[in-house]
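Enquirer: Just passing along the structure, written as structure tokens.
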Amino acid sequence: MSTKAIYEATGKKILNKYLGSTAAECRCVSVDADTNWDELIANNRWLENERLVVKPDQLIKRRGKLGLIKGNVTIHGAKDFILETLGKEISIGHTTGKLKHFIIEPFLEHSGTDEMYICIYSNRDGEIILFHHEGGIDIGDVDSKALQYVIHIDDSFDVKQMETTLLKHVPTERQVHLSAFITKLFQVYMDLHFTYLEINPLVVTKNAVHVLDLASRLDQTADYLCASKWGKIAFPPPFGRDALPEEAYIAELDAKSGASLKLTVLNPKGRVWTMVAGGGASVIYSDTICDMGFASELANYGEYSGAPSEQQTYEYAKTVLSLIVKEKHPDGKTLIIGGGIANFTNVAATFKGIVKALREYCVQLIEHKVSVFVRRAGPNYQEGLRVMREVGASLGIPIHVFGPETHMTAIVGMALGKRPIAPPEQEELTTANFLLPTSANQSKPNTDEQRKTLSNSISLDRQLSLKSEDSGASANSSNTTTTTKVTDDMKKCSLDRPLFSNTTKSIVWGMQTKAVQGMLDFDHVCRRAQPSVVAMIYPFTGDHKQKFYWGHEEILLPCYKNMADCMKRHPDADVLINFASLRSAYDSTIETLRYPQIRTIAIIAEGIPEQLTRRMLRLANKQGVFLIGPATVGGLKAGCFKIGHTGGMLDNILMSKLYRPGSVAYVSRSGGMSNELNNIVCRNSDGVYEGIAIGGDRYPGTTFTDHIYRYESDPEAKIIVLLGEVGGIEEYHICEAIKSKRITKPLIAWCIGTCSSMFTSEVQFGHAGSHADSDHETAIAKNKALREAGAYVPNSFDELGDLIHLVFQDLVRAGQLEPKPDLLPPSVPMDYDWARELGLIRKPASFMTSIVDDRGQELLYAGMPITDVIKEDMGIGGVLSLLWFRKRLPKYATEFLEMTLMVTADHGPAVSGAHNTIVCARAGKDLVSCLASGLLTIGDRFGGALDNAAKQFSEAFDTGLHPADFVNKMRKDGQLIMGIGHRVKSLNNPDMRVVLLKKFAKEHFPATPLLDYALEVEKITVSKKPNLILNVDGCIGVSMVDLLRNCGCFTLEEASEFIENGALNGLFVLGRSMGFIGEYFIICHFLDQKRLRQGLYRHPWDDISYVLPEAM
């Protein structure tokens, strides 16, 4: 939801901060059950010294008339009032709730003549200020009494006009500071993105303006613009519903996700739970449940949409399931996992997340007698349904699974016992039906199916009024009777021209390669001569070409950094599809409107602040440009053109016959439901002619009226379908147009959200615009008005398809409609990535890995999530144990690994590796080059003796050679004993690194047989020469063999394999890399040289022995 109510105390603190001297300070404090009264009074001494007013601060209207305000009391009186009413359950209309949150503020002595009323609210065209010189609880019908001052979008605030319009009944001595207050209040309202602000009463004295009672709403989508101005804002739940931690958790997930995740708990003890994909679909499922008499049992409202990941869906499903199993119900419980036909969400991926949660809660679900009903379709839905069927069979949970052949809400009747449970549908054997486009693969509507009687439907009780072409044309020409309101809402752009044709060319803003490829595949099956996308704009890269498929061939589409270059080189493109994010969609749209060649703009982003949206609309209307969106999937014209992901993948496009035009044109708010409408229309008529999803925001760019007028003017559109929603008044304009004969074609309409009037507390549905501010805006009222105006209105969404079928058949029988013939579309190959996702193909991998997996929601090290690695403080040694040895080694083992890295990190600048690094750094090379230069010196003679030392000592020990015999053998074979000897250190000057390593191994390792053997060898070698000691390479090598063989994690063969593969030398390489670069403890040679500003190194002549042949 974009517009959200805030606490009165929050609103007053905001006004305090920004109104300045134009209003008296609104001193107030908030009180709840956790308030420490002593601390509250200590921090606000005015509470002890002044008379006070106390009232609930829980979005309750008309608190004065309800007796919920206690005025002119001391702090003790205020405290007593709160303690008496805190937690008290009260009923306001149909809503029952507990008083939990209060506000205390100073009591202001004033007369009734000082009370006034002011309200600022926003609508599609601008802001309206309502003002009345009399206010208070007895103001009555303020809409009819108040004076209005309208400020259109982008128009300046005219102080003189405001004073003349609003203040004419205000005493002269109070007009000056009241005018200053209203002017500043409006500025604050706009700057802070309020959407509603009401003050009643507003007390205006001769000296000051006082804000007494305040109700306000903010545009939550403007958070990224106003976060610093608002401060930390809490958006409270409506009165009558508690804010549950589960709801807060889902809200937090939603804020962190690009998907949409919503959850509202209506009745925690209810037995009907939903988990629905899509904002529009979620409302329809709730409607159907309530229509069947289960409103009191509906436990929750929620939705997941926008292609959430498997992990996100798992978290959402897990939260819902945790609520279901909190309390048992004697009749068991029902979970409805529903949704329309997805446009781009991978159904299998989301279902796998749900299945994971079902497995986790399997025992509790069986114990609580939970039955599950599933209906879903869209990309990869066959795999998703298969997985769901299998989990039901394996877990013993009754799960009934259905696909697109079943009406979307049919499972509700089955779940609630209102209709028999249909037998399982025949499982799809493949999802690649579009590879072989034979007639057998084409879904056909069953027009001979027996239709049930639609009782109590005024649309069918009367004879269908079928108009001839002549009468329709006559009606179209006599538009003079259309009401002023309808005329005002018409766009300046021509309604006679089609938005799209089979030659439409578009530009896509954003690097949306999947959407573009989907458009090109649609073009191909529609037999377009040329692609509908001519170019892309992406300002974050330079100009380049992007490769796509056109049928079986590969083509290149230009991608431009600059919009001006793109428009100049593609003057024939007249549609722009804007995939910009919510933060940049406004700027990119405004830039697009500078180019008159663009006639239509589709804005996909959801969450654009309403002020910015309305500015876009105003500018677009002035220039005659159609805006589709924001917050939309787009739209399509069958057989001609589609926007982005509209219509879903090719299998759905073929199933719904969108590759050729039908006779039914529809308009909807919901993008997800537009695809469901494609399916419903196809199964009940000859298919879709055109379909537009105008978007779910409060202010869509184009309205229902705009598109229905186009359909009325288009002779190819024979039937019009409208899927409206609760909230707004646009449907009433349609009613007026029907009555005035501006619309003469059969119009089938249904407004979703009929359940809203059945809820005991306010519920905000998935779309920002789905919010009724009055009874006039409810779905029930609008359906009634449409029916009375002459539209065909079913009794429920369940009957929408049947009604479309009956109207279509009557038009056919009357000879006013000739069904469009079926065509055989050309085949389009499936993309390799998608075929692999569907499990249709396999290919051997080029690489294999057994240590890291980065494909899921979280990085795995040898199967261990990275969060667990951090939580358990495994350290570098623990990470090495997972990545190098694929085992979680004991604590002493990981500490020893870290110890080896410490002692091998550096050994001064004189060794060959450090020397090379220094020389390379002084030559001005980069860090990686310097590191590589140093690492290339590592070998048997410098730091690379760990593996060979381990091999030599292990072979001698394993074959039973006595240490003396081993030394003699190596001397006889002319081999050096790796790990023995040091150029500087000796028996009398021991290497402390070796001393520390030996001590640690002796104290912590289970056994050190090879280390003991090496020390015996050392005794023999130092007797010959004192510097033939066991050096750090040898000590690490033999100690690591002891660790691998005796820690209990490896077999002897596995331990030997690590040594053969060179794992031990890796320890020196890793440790010395830190020294060369400068990670942990040793001063970085590379950075040290840079820091010291050392110049190019040239070796001195006197350190070189020149040995040249004599001159020839």
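Enquirer: Quick one: which of VAL203, VAL188 is part of a helix (DSSP H, G or I) and open to solvent by less than 10 Å² (accessible area, probe 1.4 Å)?
Expert: Exactly one residue qualifies, and that residue is VAL188.
Enquirer: Considering each of GLY877, GLY908 in turn, give the residue that is closer than 28 Å to VAL995 by Cα and part of a helix (DSSP H, G or I). It would help to see each step written out before you state the result.
Expert: Numbers: GLY908 fails: part of a helix (DSSP H, G or I).
Testing whether each residue is closer than 28 Å to VAL995 by Cα and part of a helix (DSSP H, G or I) leaves just GLY877.
Enquirer: Do we find a residue being modelled with pLDDT of 95 or more and out of contact with any helix residue (DSSP H, G or I) (no Cβ under 9 Å at 6 or more places or on another chain) anywhere in the range 661-680?
Expert: Scanning the range 661-680, I find at least one residue that is modelled with pLDDT of 95 or more and out of contact with any helix residue (DSSP H, G or I) (no Cβ under 9 Å at 6 or more places or on another chain), so the answer is yes.
Enquirer: Something else: Which residues, taken from the range 907-931, are without any contact (Cβ under 8 Å) to a residue 60 or more places away in the chain and either surrounded by fewer than 16 Cβ atoms within 10 Å (Cβ to Cβ) or of a type in the set (Ser, Thr, Tyr) (or both)?
Expert: GLY908, ALA910, SER912, ASP926, VAL928, SER929
Enquirer: When you scan the range 240-257, do you find a residue that is buried (at least 21 other Cβ atoms within 10 Å of the Cβ) and part of a strand (DSSP E or B), even just one?
Expert: For the range 240-257, residues buried (at least 21 other Cβ atoms within 10 Å of the Cβ) and part of a strand (DSSP E or B): absent.
Enquirer: Return the only residue of VAL812, VAL807 being in a helix (DSSP H, G or I), without any contact (Cβ under 8 Å) to a residue 24 or more places away in the chain and either of a type in the set (Val, Ile, Thr) or crowded, with 22+ Cβ neighbours inside 10 Å (or both).
Expert: VAL812
Enquirer: Still on this structure, please answer the following. How many residues does the range 1030-1065 hold that are of a type in the set (Gly, Ala, Ser) and open to solvent by 60 Å² or more (accessible area, probe 1.4 Å)?
Expert: 1
Enquirer: Can you say whether SER581 is open to solvent by 10 Å² or more (accessible area, probe 1.4 Å), farther than 22 Å from TYR709 by Cα, among the polar types (S, T, N, Q) and modelled with pLDDT under 95, as far as the supplied structure shows?
Expert: Here the answer is yes, as SER581 does meet what is asked.
Enquirer: Can you name every residue in the range 347-375 that is basic (Lys, Arg) and open to solvent by 10 Å² or more (accessible area, probe 1.4 Å)?
Expert: Within the range 347-375, LYS352, LYS356, ARG359, LYS369 qualify.
Enquirer: Still on this model: Could you grab me the full set of residues in the range 384-399 that are touching a residue at least 12 places away in the same chain (Cβ under 8 Å) and open to solvent by 50 Å² or more (accessible area, probe 1.4 Å)?
Expert: Hits for the range 384-399 are ARG386, ARG389, GLY396, PRO398.
Enquirer: Considering each residue of the range 877-893, count those that are touching a strand residue (DSSP E or B) at 6+ places or on another chain (Cβ under 7 Å) and either open to solvent by less than 40 Å² (accessible area, probe 1.4 Å) or more than 18 Å from CYS1047 (Cβ to Cβ) (or both), and give that number. Talk me through it step by step, then tell me what you get.
Expert: Our first condition is that a residue be touching a strand residue (DSSP E or B) at 6+ places or on another chain (Cβ under 7 Å); within the range 877-893, this holds for 879, 882-883.
Next cut, either open to solvent by less than 40 Å² (accessible area, probe 1.4 Å) or more than 18 Å from CYS1047 (Cβ to Cβ) (or both) only: 879, 882.
The qualifying residues number 2.
Enquirer: Now a separate question. For PRO423, work out the one condition from (1) open to solvent by less than 30 Å² (accessible area, probe 1.4 Å); (2) free of Cβ contacts under 8 Å to residues at least 40 places away in the same chain it doesn't fulfil.
Expert: (1) is the only condition that PRO423 fails.
Enquirer: If you scan the range 274-294, which residues turn out to be closer than 16 Å to GLY417 by Cβ and not β-branched (Val, Ile, Thr)?
Expert: Across the range 274-294, the qualifying residues are CYS290, ASP291, MET292, GLY293, PHE294.
Enquirer: List the pairs whose first member sits in the range 686-709 and is outside the structural domain of LEU619 (by the TED database), whose second member is in a strand (DSSP E or B) and open to solvent by 10 Å² or more (accessible area, probe 1.4 Å), and whose Cβ atoms are under 6 Å apart, counting only residues at least 6 apart or on separate chains?
Expert: Between residues of the range 686-709 that are outside the structural domain of LEU619 (by the TED database) and residues that are in a strand (DSSP E or B) and open to solvent by 10 Å² or more (accessible area, probe 1.4 Å), the close pairs are GLU690/LYS637.
Enquirer: Let me ask you something else. Go through THR900, THR904, THR937 for me and flag whichever is touching a residue at least 24 places away in the same chain (Cβ under 8 Å), within 28 Å of ARG983 (Cα to Cα) and open to solvent by 20 Å² or more (accessible area, probe 1.4 Å).
Expert: It is THR937.
Enquirer: Same structure, new question: So, in the range 21-41, how many residues would count as being open to solvent by less than 50 Å² (accessible area, probe 1.4 Å) and touching a residue at least 60 places away in the same chain (Cβ under 8 Å)? Break it down into steps so the answer makes sense when it comes.
Expert: Initially, the range 21-41 is screened for residues open to solvent by less than 50 Å² (accessible area, probe 1.4 Å), giving 22-24, 26, 28-31, 35, 37, 40-41.
Add one more test, that the residue is touching a residue at least 60 places away in the same chain (Cβ under 8 Å), and what stays is 22-24, 26, 28-31.
Total satisfying the criteria: 8.
Enquirer: Kindly check whether there is at least one residue in the range 512-522 that is part of a loop (DSSP other than H, G, I, E, B) and more than 23 Å from LEU658 (Cα to Cα).
Expert: Checked against the condition, which is being part of a loop (DSSP other than H, G, I, E, B) and more than 23 Å from LEU658 (Cα to Cα), the range 512-522 yields no hits at all.
Enquirer: Would you please name the residue that is surrounded by the most Cβ atoms within 10 Å (Cβ to Cβ), looking only at residues in the range 730-745 that are closer than 21 Å to PRO700 by Cα and out of contact with any His (no Cβ under 9 Å at 6 or more places or on another chain)?
Expert: Applying the filter and picking the extreme gives ILE734.
Enquirer: Sticking with this structure for a sec: Quick check: is even one residue across the range 864-876 open to solvent by less than 50 Å² (accessible area, probe 1.4 Å), under 30 Å from ILE977 (Cβ atoms) and either at pLDDT 85 or above or not small (Gly, Ala, Ser) (or both)?
Expert: For the range 864-876, residues open to solvent by less than 50 Å² (accessible area, probe 1.4 Å), under 30 Å from ILE977 (Cβ atoms) and either at pLDDT 85 or above or not small (Gly, Ala, Ser) (or both): absent.
Enquirer: Right, another one. Going residue by residue through the range 134-151, is there one that turns out to be open to solvent by less than 70 Å² (accessible area, probe 1.4 Å), in contact with a Ser or Thr (Cβ under 8 Å, 6 or more places away or on another chain) and within 28 Å of MET190 (Cα to Cα)?
Expert: Within the range 134-151, one or more residues are open to solvent by less than 70 Å² (accessible area, probe 1.4 Å), in contact with a Ser or Thr (Cβ under 8 Å, 6 or more places away or on another chain) and within 28 Å of MET190 (Cα to Cα).
The values are calculated or read from the model by the stated rules, or taken from the named source; none is laboratory data. Source: prediction; values computed, not measured. Because the Cβ atoms are built from the backbone with ideal geometry, glycine has one as well, and the counts that use them run over all protein chains shown. Remember, those area values only see protein heavy atoms, side chains included, never the ligands or the DNA or RNA. Shrake-Rupley method; radii C 1.70, N 1.55, O 1.52, S 1.80 Å.
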